[in-house]
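What follows is a set of notes on a single structure, which appears directly below.
The values are calculated or read from the model by the stated rules, or taken from the named source; none is laboratory data. Source: prediction; values computed, not measured. Positions of Cβ are backbone-derived with ideal geometry, glycine not excepted, and every protein chain shown enters the neighbour counts. Note: accessible area is taken over every heavy atom of the protein model, side chains too, but ligands, DNA and RNA are not part of it. Shrake-Rupley method; radii C 1.70, N 1.55, O 1.52, S 1.80 Å.
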Amino acid sequence: MPSDAAQATAAPAAISLYDARPFFEKALQYGVANGLINQAKLDAMCVEAPKGMVQIAGYFGSEFLRPELEKARERMINLVSLFLEESCQGDVHRAAESLRDNSLLSRSKGGSDMLKKLIAMPQSSHFGMSERKGFTDEMIPHMAKWSLRPLSDYRAELATRRHATDLIEAATWMADQLDVSDEELEEFGAEAEAVIRTALLIEAVGRDTLPDWIGFEKTIGVLRRQPMLASEDAIVVPEDLPAHLHAAVESVRQSVLAEMPRILDASASPRKLFTQTTAFMGRYFWIEDALAEIDHHERSASNEWRKATLGQTDEDALLTVFLHIAAGSAPKISMTESSAATLIRKIRKTGLHPEKAKAFIQAHAPSALREGYVELWRLFLQEAQPLLLSDAITSHNDAMALLRRECVVVAKPAATS
């Protein structure tokens, strides 16, 4: 082990003093000390500095108030420091040469331009929340705050905003390949990462347009039926995507792959997963088209209705269908004498559930006829329910008579020889 004397000797070498001076001051003193900046240049700076302070004070407030002028001095020093340290990568020698070869006001303007560019960049990757119109006068209050912030804050914010910018640009590029413009994305209030995630899935299954909900639901269905399309080899960054956007899209692609086990889990319907599960809400994009969804629902409902009723519109056939559904049996538009008797016995054993038939009508009947069919079912139940559930000795014959009158009960076909 080293001796105590050796440790005491080595300790001071491990200490690094923190220099809190503005970088402008460091570069200026270095330039003077090393003969890079002469007296003439210092005199020129002394002439430029008051002009710059007045301009900055006027820009942010008033050039006539002493507190504003003092604040302007701080802003000018910080703006010059920001520009020198960033453009010279912290090298005081290069920064001193920059002060020697250029005017002080140009270095201050360089810092100001850096901040204007930063502030004009989007803070969010949400199309509906990002300003992409460049620096405007409305942003001057933000500029006032940033003009006093250190380089470390600037660099952290720049990294965040660059990432948001890349995501927006990548989403715009990918959406354009699918015939959706950035103006439409703004109108839809799309989130860039959500657009990218959906575009990756769309391209993996071979579709060529950004979907509405129905199309997105079908896309998930394809992935669940063909999980090879959900593999790392199938979900890929587009080859012709601009190179500077690859990193942003790759990070989104990795998040999609991480979510794929849950996406492929058929125990949760797409609607429940993507619109009712907190972890997935807002993470994927589809075009909101209420009319298309209504149309799809109507067509789906019509298919179920036609399947159950076989296109029948007679009230006795429809009541036969409703009664079978309420009894928990497969819907039928007619029944034989024996099957009617069996249905009555089933109802008396397991019960009648009128709400099931009503729910079926409300979900699947043609919209213009739903109210009438619900009323038809209600009036039928007023007489039929007591008879169908009665345990009186004569109730079976009464129930059969009711079904012959109100429903479709046919004689059993004669056997052929």
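Worth pointing out:
- Scanning the range 361-375 for residues that are assigned to a helix (DSSP H, G or I) and open to solvent by less than 30 Å² (accessible area, probe 1.4 Å) turns up just one, Ile361.
- Residue check, Leu403 surrounded by 13 or more Cβ atoms within 10 Å (Cβ to Cβ) and within 23 Å of Asn303 (Cβ to Cβ): no
- Output for the range 70-82, where each listed residue is of a type outside the set (Gly, Ala, Ser), open to solvent by less than 50 Å² (accessible area, probe 1.4 Å) and over 17 Å from Ala20 (Cβ atoms): Arg75, Met76, Leu79
- A Cβ distance below 8 Å, combined with a sequence gap of six or more or placement on separate chains, defines the contacts here; from the range 351-376, residues that are within 20 Å of Leu310 (Cβ to Cβ) and without any contact (Cβ under 8 Å) to a residue 12 or more places away in the chain reach residues that are assigned to a helix (DSSP H, G or I) and not hydrophobic (A, V, I, L, M, F, W, C) in the pairs Arg370/Gln362.
- If you go through the range 201-254 and pick out every residue that is more than 21 Å from Lys272 (Cα to Cα), among the charged types (D, E, K, R) and over 21 Å from the mean Cα position of the chain (by Cα), you end up with 4.
- Residues in the range 260-272 that are under 16 Å from Val222 (Cα atoms) and either in a helix (DSSP H, G or I) or open to solvent by 30 Å² or more (accessible area, probe 1.4 Å) (or both): Met260, Pro261, Arg262, Ile263, Leu264, Asp265, Ala266, Ser267, Ser269, Pro270, Arg271.
- Residues (among the aromatic types (Phe, Trp, Tyr) and surrounded by 15 or more Cβ atoms within 10 Å (Cβ to Cβ)) located in the range 57-69: Tyr59, Phe60
Yes/no per residue for (1) surrounded by 10 or more Cβ atoms within 10 Å (Cβ to Cβ); (2) hydroxyl-bearing (Ser, Thr, Tyr); (3) closer than 30 Å to Ser108 by Cβ; (4) modelled with pLDDT of 95 or more:
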{"position": "Pro2", "(1), (2), (3), (4)": "no, no, no, no"}
{"position": "Gln7", "(1), (2), (3), (4)": "yes, no, no, no"}
{"position": "Ala14", "(1), (2), (3), (4)": "no, no, no, no"}
{"position": "Phe24", "(1), (2), (3), (4)": "yes, no, yes, yes"}
{"position": "Leu28", "(1), (2), (3), (4)": "yes, no, yes, yes"}
{"position": "Gly31", "(1), (2), (3), (4)": "yes, no, yes, yes"}
{"position": "Asn38", "(1), (2), (3), (4)": "yes, no, yes, yes"}
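- Output for the range 215-243, where each listed residue is in a helix (DSSP H, G or I), touching a residue at least 60 places away in the same chain (Cβ under 8 Å) and either open to solvent by 20 Å² or more (accessible area, probe 1.4 Å) or not hydrophobic (A, V, I, L, M, F, W, C) (or both): Gly215
- Count of the range 321-360 residues, restricted to those that are more than 48 Å from the chain's Cα centre (by Cα) and part of a helix (DSSP H, G or I), is 13.
- Hey, Ala192 surrounded by 14 or more Cβ atoms within 10 Å (Cβ to Cβ) and under 20 Å from the mean Cα position of the chain (by Cα) or not: yes
- Among the residues here, Trp305 qualifies as crowded, with 18+ Cβ neighbours inside 10 Å and modelled with pLDDT under 90.
- All conditions but one from (1) open to solvent by 70 Å² or more (accessible area, probe 1.4 Å); (2) within 10 Å of Val408 (Cβ to Cβ) apply to Val321; the one that does not is (1).
- Residue match in the range 382-397 (condition: open to solvent by 50 Å² or more (accessible area, probe 1.4 Å), over 54 Å from the mean Cα position of the chain (by Cα), in contact (Cβ under 8 Å) with a residue 40 or more places away in the chain and farther than 11 Å from Leu319 by Cα): yes
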